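Colleague: Below: one structure in C-alpha cells.
Bear in mind that the values in this text are calculations on the coordinates, not laboratory data. Owing to the predicted nature of the structure, the values given are computational and were not obtained by experimental measurement. Glycine also receives a Cβ, built like all others from the backbone with ideal geometry; neighbour counts cover every protein chain displayed.
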Amino acid sequence: MAVGIYLNGNNPNTNSFIYKWQNNHFVQVQAIATQGAHGVTIFHTSGQLYLAFASNSISGGVKAPSKVYKWINSQFVAIQSLPSSYAHRIHSFKVNGHTFLARTNYLNNGSPNTNSIINKWNGTAFTKFQAIQTRGAVSFQSLVINGETYLTVGNHKDVSTGYKTYSVIYKATGAQFTKYQELSTVGAFELHPFSYKGEMYLIVLNYWDGNNYNVNSEIYKWV
C-alpha cells in the first residue's frame with residue numbers, strides 16, 4: 001500500500017510511505033521523499049512493478065516534478081521525473097497492451113486553463129503521447145466498455161466560467177484520445193466509474209459552485 005503525504009504541517013517537502021501486509025496488519029517498509037504528493041498510482045508493465053506520485057507544490061521556486069519509481073532490490077527507486085504544474089492526480093492504465101500514465105495539471109502561471117499530459121511507456125521510460133486541454137483538472141480515470149477504452153477528466157474550474165464548467169470523457173481511437181462527451185459539472189473533484197450487475201456507471205463528485213458547498217453530485221449510466 002502506498003500513501004502519499006501532501007503536507008507535514010505547512011511543509012510539502014515530506015515523506016510518503018510504502019506499507020506491506022504482514023501478520024494481519026500493514027507494516028511500513030519504506031519512506032520516500034516527496035513534494036506535495038497529491039496522488040499515487042501503482043502498476044505493472046514489462047513484468048516489473050512501478051509507482052508514481054503526483055507532485056502539487058513548488059520547491060525552490062520551481063514546480064515540483066511528478067516522479068516514477070521502479071521496484072528494485074525490495075524497494076522503490078526513482079527512475080524518471082515528469083514535468084508537472086501543480087499535479088492533482090496521476091493514473092496508470094493500459095490500452096491494447098500499451099501502458100499509459102496520465103497526470104492532471106491544475107494550474108499554469110496562475111491559470112487553470114492549461115494542458116494535462118498523457119505519457120506512454122516505450123519499454124524503458126515514459127514519453128509524451130498527448131497533451132489535453134483541461135480546466136483546473138483534478139482527476140483522471142479510465143474505464144473499458146465493450147472493449148473500448150475511455151478516459152474521464154474531472155475539471156474543477158475554468159478561467160472564464162468559474163466552477164460551472166465541463167468535465168470531459170475521451171475515447172482511445174488509434175494514435176490519440178479524442179473528445180467523446182462533455183458533462184456539465186460544478187467544481188468537480190472526482191469522476192469515478194464503476195460497474196454493477198453488468199451495467200457501467202459514472203459518479204461525478206461536485207464540490208463547490210463558487211459560493212457554497214451544498215451542490216448536488218450526480219450518477220450517470222452508460223446507455
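Colleague: Which one is farthest from residue 91 (Cα to Cα) among residues in the range 154-181 that are touching a residue at least 12 places away in the same chain (Cβ under 8 Å) and aliphatic (A, V, I, L, M)?
Modeller: The selected residue is 159.
Colleague: Checking the condition buried (at least 22 other Cβ atoms within 10 Å of the Cβ) and at positive phi, which residue from 61, 36 passes?
Modeller: Result of the check over 61, 36: 36.
Colleague: Oh, and also: Identify the single condition in (1) more than 29 Å from residue 120 (Cα to Cα); (2) in a strand (DSSP E or B) that residue 182 does not satisfy, given that it satisfies every other one.
Modeller: (1)
Colleague: Can we say residue 154 is assigned to a loop (DSSP other than H, G, I, E, B) and of a type outside the set (D, E, K, R)?
Modeller: no
Colleague: In the range 131-149, which residues are crowded, with 18+ Cβ neighbours inside 10 Å, of a type outside the set (D, E, K, R) and assigned to a strand (DSSP E or B)?
Modeller: 132, 134, 137, 138, 139, 140, 141, 142, 143, 149
Colleague: Based on what the data block shows, is residue 135 touching a Gly at 6+ places or on another chain (Cβ under 6 Å), under 20 Å from residue 206 (Cα atoms) and among the charged types (D, E, K, R)?
Modeller: Answer is no for this residue.
Colleague: Let me ask another. Could you please find all residues in the range 68-92 being of a type outside the set (A, V, I, L, M), more than 13 Å from residue 153 (Cβ to Cβ) and assigned to a strand (DSSP E or B)?
Modeller: 69, 70, 71, 75, 76, 80, 81, 92
Colleague: Provide a single number: the residues in the range 69-128 that are surrounded by 19 or more Cβ atoms within 10 Å (Cβ to Cβ), hydroxyl-bearing (Ser, Thr, Tyr) and more than 23 Å from residue 148 (Cα to Cα).
Modeller: 6
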